[in-house]
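Step one of this worksheet: look at the structure below.
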Amino acid sequence: MSRWMMTVFCSLFFIMLSADQTLVRTFRDPSGQLIDEVTVPGIPVEQRIPGPIAIPTRSSVMLSDVPAFDWSYGCAATSAAMMAGYYDRHDYGHVYIGSTNSGVVPLNNSTWGSGECPLSATHTGYDNLLTQGHVNRFWTGYNNHDDDPFGTGDPTANYSECTADYMGTNQDWWNNSDGSTTFFYFANGSAIYNYTNSEDHETRKRDGNHGLRLFFESRDYTVSTNYNQYIYGWNGNTLGYTYDSYKASIDAGIPVLIQLQGHTMLGIGYESTSTTIYVHDTWNYSTHTMTWGGSYSGKAHYGVGILQLAAAPQYAISGTIVDGDSLPMLGVTVSDGNGYSAITNSSGIYSVSVPYWWSGSMIPSFTGYSFFPSNLTYTNVNAAATAQNYMGISDTYVPTDIVINKTTSQIQISWDDYGTGSYQVYSFTDPITPVLTNVTSDGTFQTVSGRVTWTTAIPSIRQQFYRVTMVISK
């Protein structure tokens, strides 16, 4: 072979290796189908060239409230953490259970500092973590091998609150160097669902998408489906994931892992009049664009990772609302002010469904009425709450010039007569958070010269407060 031919051959061989630099091996599963094992090492800092900043148009379709995190100990784990943060902010409030931002994952990780995100990789001293986190156990430096501080044992019993733990990112146990995560694909372009068959091999490997499923399950949520798939046309396949499939995922509220050669990003939207997609690239807090099936930072787009959660568990907060005559009130709205609400029926009964781990206050409202208690507060709901009852007191008229006289045996309360309606008298012992007891029938009324007097015996509980209202017939 001539020197010129040898040079051409070597150049072509180098090009082929470079074009497929993350493909570790291809092997056959028990059914004979070819599987590609792909490692995503992440792109070194000096090679990170962000795409154009997104400028949404009227034809843009984009998921709302998707966090944008900069790189935190692995691009795949960081992209997965952004996905997890999106779900945390949309009815899956038990995904992030840290202390920052009142337990709701923030929209970027600036609170913890660049490169730190406890949802991606826990780290001692961040988010009030006092024990060893993922970074302490598995990280020594980008692309390092075989030197985890954790040691050579099985770490899975120590996984806790971050995506990098469960995805196998950075871990020698799963034969991933620092910064890298592994994913598996059917070579023919069909979807490979929740792949686990390489976890018990001599060269042990965990599929990152399967690990992400385990992360969500550890947070008590159910995963409907999860899979990896080459995009349509990659290596000539005719079974791959299409742009229409991507748009359908976004329309269904499902963010998508976008796999480039050597890098993972999160797809959060698309342009309906072109093949432009919107991504968070793990390098900054901006939203960027790229062309579906094109390249980003010089790295070709070859695949996707899909994970869809089942509907979040719902729990009922329920009770009965009555008026001052202990009659059921119809049409009272009970709401947290953020979309969770119900209206009482003719029996005064309401039932509000809230998602697992919801926190907030339920507030009853009805024109012309105040309620006692004025609200009930809940934290991290994980079971139904029954008998959450309220009493409605008419605000239409509160008697004026109220005078209270006490003798050795009686209490007399008098006020200016309004002239119509029925008066109600309530007692309570705590003026800060009053719980009203209707004591109207404990006393007698007398009206003389435009003044009403209600007289009752001294109560056994001496420290009593009183409230007088007039109930207007509804």
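One table, with the values for the structure above:
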| read-out | value |
| --- | --- |
| In segment 436-454, the residues that are touching a residue at least 40 places away in the same chain (Cβ under 8 Å), assigned to a strand (DSSP E or B) and not aromatic (Phe, Trp, Tyr) | Asn438, Val452, Thr453 |
| Hey, Ser326 more than 30 Å from Thr111 (Cα to Cα) and modelled with pLDDT of 95 or more or not | no |
| Selected residue [more than 22 Å from Asn188 (Cα to Cα) and in contact (Cβ under 8 Å) with a residue 60 or more places away in the chain] from Ile231, Ile268 | Ile268 |
| Qualifying residue in segment 17-27 (condition: out of contact with any strand residue (DSSP E or B) (no Cβ under 7 Å at 6 or more places or on another chain) and either modelled with pLDDT of 80 or more or over 19 Å from Phe183 (Cα atoms) (or both)) | no |
| Cβ-Cβ under 7 Å pairs, at least 6 apart or on other chains, segment 377-396 side more than 19 Å from Leu330 (Cα to Cα) and open to solvent by 70 Å² or more (accessible area, probe 1.4 Å), far side in a loop (DSSP other than H, G, I, E, B) and polar (S, T, N, Q) | Thr379/Ser359 |
| From Thr264, Thr238, residue being out of contact with any strand residue (DSSP E or B) (no Cβ under 6 Å at 6 or more places or on another chain) and either closer than 11 Å to Tyr302 by Cα or surrounded by fewer than 19 Cβ atoms within 10 Å (Cβ to Cβ) (or both) | Thr238 |
| Enumeration of residues in segment 200-213 that are in contact with a Phe, Trp or Tyr (Cβ under 8 Å, 6 or more places away or on another chain) and in a loop (DSSP other than H, G, I, E, B) | Arg204, Lys205, Arg206, Asp207 |
| Residue list for segment 148-189, filter: of a type in the set (D, E, K, R), in contact with a Gly (Cβ under 9 Å, 6 or more places away or on another chain) and part of a loop (DSSP other than H, G, I, E, B) | Glu161, Asp178 |
| Hits in segment 226-241 - residues which are β-branched (Val, Ile, Thr) and outside any strand (DSSP E or B) | Thr238 |
| Residue match in segment 317-325 (condition: charged (D, E, K, R), out of contact with any strand residue (DSSP E or B) (no Cβ under 6 Å at 6 or more places or on another chain) and either assigned to a strand (DSSP E or B) or open to solvent by 10 Å² or more (accessible area, probe 1.4 Å) (or both)) | yes |
| Entirely in segment 21-89, the strands (runs of 3 or more DSSP E) that have 3 or more residues that are exposed (fewer than 14 other Cβ atoms within 10 Å of the Cβ) | 23-28 |
| Residue match in segment 404-418 (condition: under 45 Å from the mean Cα position of the chain (by Cα) and open to solvent by 30 Å² or more (accessible area, probe 1.4 Å)) | no |
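Condition check ((1) open to solvent by 60 Å² or more (accessible area, probe 1.4 Å); (2) more than 20 Å from Leu436 (Cα to Cα); (3) not aromatic (Phe, Trp, Tyr)) across all residues:
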| residue | (1), (2), (3) |
| --- | --- |
| Leu327 | yes, no, yes |
| Gly331 | no, yes, yes |
| Ile343 | yes, yes, yes |
| Tyr350 | no, yes, no |
| Tyr356 | no, yes, no |
| Gly360 | no, yes, yes |
| Ile363 | yes, no, yes |
| Tyr369 | no, no, no |
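The values are calculated or read from the model by the stated rules, or taken from the named source; none is laboratory data. All values reported here derive from a predicted model rather than from experimental measurement. Backbone-built Cβ (ideal geometry, glycine too); neighbour counts: all protein chains shown. Just the protein is used for accessible areas: all its heavy atoms, side chains included, with ligands, DNA and RNA removed. Shrake-Rupley method; radii C 1.70, N 1.55, O 1.52, S 1.80 Å.
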